[in-house]
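Worksheet: one structure, shown below.
Quick note: the coordinates plus some simple rules give every number you see, no bench work behind them. Keep in mind it's a predicted model, so treat the numbers as computed, not measured. Cβ sites come from the backbone with ideal geometry, for glycine too, and all protein chains shown count toward neighbours.
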Amino acid sequence: MEETHTTLKEWQKLYEAAIEFRKLEPWKWMHETDIFGIQNPKTGEIGYCCIMGELGEMLAMAVYRGTEGLQGYKNIQNGSIDIKDPDSLFVQDCLMLSFENKRYVHEDDREVINELGLKFKGKNAWPVFRSYRPGYFPWFLNRDEVIYMTFAIEQAINVCLRAKDNWRILLAPKKGFYLVRQPEIKNDLIAWKDSWMLPEPIEVRQEKPVFNIDKSKIEEIKNKLSFSTNIWEIDFFYSPVPINQGERPFFPYSLIVIDHDSGLINFIHIAEPFKYQKEFVDKFIEFLATKGIIPLEILVRKEEVKKFLEPFSSVLNIKLTLKKKLGNVEHARKELFKFFKR
């Protein structure tokens, strides 16, 4: 029967790799833009590695999962996801090794470290491993992640040492290609080789979000609503405080409706980030019926929210406008963040 829990021996291999990585200090010559791949021997998925710490603020290595994880990283780097936007905190899809001060190390991490008989002292000395998934709270690694992260750190050391001697090894022969360390299993042993590879195309699937809105429901309440000159700001965003309803906490997704002129919040509803679509549709229809009015215009800042509202705007003849910023929404979010911090 296959082991489901990480064994002490597997933890030991992971920490040994992390300790060697910390001693190497590859951030002294590697840049965050020096991306290379490590293929997962079990799944075949490629994790794209990014070494952080050249500015001395955060010493870490992130391994972005697959093409989608890589694209999320690139979106932050090229500015299509604003790093100042709080939502950028909730879109990362990666495994992370960071080196922290003792006070930031969770008691569960310390328990493993104590069992291994390891000791760490000084600034940014303690290895911390976390799994980041969009919409989820950063969490401890499961067994498969521990095993793969060990391979990733070991192969990152290989690449970084070679890049130190010859930085040209990371220069792609063609645009869009990445150096990838690929495993070959021979006689039950893994040998690694270099390959130049294009990231796999992101699976073609129906664009997110898939809002299945029954327009007949909107038609039903249409005659009960009065036209108004109101302008609303509507947005979706992650709540800053996680909810724990299972093994791994998640960040609730919020729907907010604010009056543009007064800045008053007309409506707010939170839902699980993976079940929010139908819930948002039902709750918004319920809100319109209770409010009893049709706004003259709705302002949004995201394509996702625009797609959600298009069936409403077409049936109810509402002007729908995409804006770069929504002042009232930004203010409301800041106040919510302040409230939760208190």
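Zone of THR321 (label point 7 Å along Cα→Cβ, backbone N under 13 Å): which residues in the range 278-305?
Correct set: 296-301.
Going by how many other Cβ atoms sit within 10 Å of their own, how do ARG301, ARG133, ARG168 line up, fewest first?
ARG168, ARG133, ARG301
Quick one: length gained pulling ASN101 to LEU118 fully straight, 0.36 nm per residue minus the C-alpha distance?
4.6 nm
Work out, step by step, the length gained on full extension between ILE202 and GLU10: first 0.36 nm times the residue separation, then minus their alpha carbon distance; give nm to one decimal.
Extra length available between ILE202 and GLU10 comes to 65.9 nm.
Considering the values [x] 1.02; [y] 1.05; [z] 0.93, which represents Rg/Rh (Cα atoms, Kirkwood Rh) as calculated for the structure under consideration?
[y]
Can you compute the FRET efficiency between ILE185 and SER226 using 1/(1 + (r/R0)^6), with r the Cβ-Cβ distance and R0 = 45 Å? Round to the nearest 0.05.
Result of the calculation: an efficiency of 0.05.
Arrange GLU32, GLU111 by Cβ neighbour counts within 10 Å, fewest through most, would you?
Working: GLU32 15, GLU111 10.
Placing the least packed residue first, the sequence is GLU111, GLU32.
Quick one: if you stick a label point 7 Å off each Cα along the C-beta vector at GLN77 and HIS331, how many nm between them?
That separation, rounded to one decimal, is 3.8 nm.
Most exposed first by the Cβ proxy, i.e. fewest other Cβ within 10 Å, how do ILE285, ILE258 rank?
So the residues, fewest neighbours to most, are ILE285, ILE258.
Take the cross-link list LYS74/LYS215; LYS275/LYS334; LYS28/LYS334 and give me the ones stretching past 29 Å between alpha-carbons.
Table pairs above 29 Å Cα-Cα are LYS74/LYS215; LYS28/LYS334.
Hey, rough spin-label estimate for PHE177 and SER262, points 7 angstrom out along Cα→Cβ, what's it come to in nanometres?
Each label point lies 7 Å from its Cα, and together they span 6.3 nm.
Taking Cα pairs under 8 Å and at least six residues apart, what relative contact order does the range 8-197 come out at, in percent?
In percent, rounded to a whole number, it is 23.
Measure nothing fancy, just the Cα-based angle from helix 107-116's long axis to the longest principal axis of the chain, in degrees from 0 to 90, nearest 10.
The angle comes out at about 10 degrees.
Normalised by the number of residues in the chain, what is the relative contact order in percent for Cα pairs under 8 Å and 6+ residues apart?
14 percent
For a quick check: with amide H placed at 1.01 Å from N, whose amide H comes under 5 Å from TRP192's, ignoring anything fewer than 5 positions away on the same chain?
Amide H neighbours of TRP192, under 5 Å, 5+ apart: GLU184.
Show which aspartates and glutamates lie in cross-link reach of LYS338 when reach means a straight Cα distance below 15 angstrom and same-chain residues fewer than eight apart are skipped.
Cross-link targets: GLU330.
Between MET58 and LYS23, what length comes free when the chain is fully extended (0.36 nm per residue of separation minus the Cα-Cα distance, one decimal in nm)?
Using 0.36 nm per residue and subtracting the Cα-Cα distance, I get 11.1 nm.
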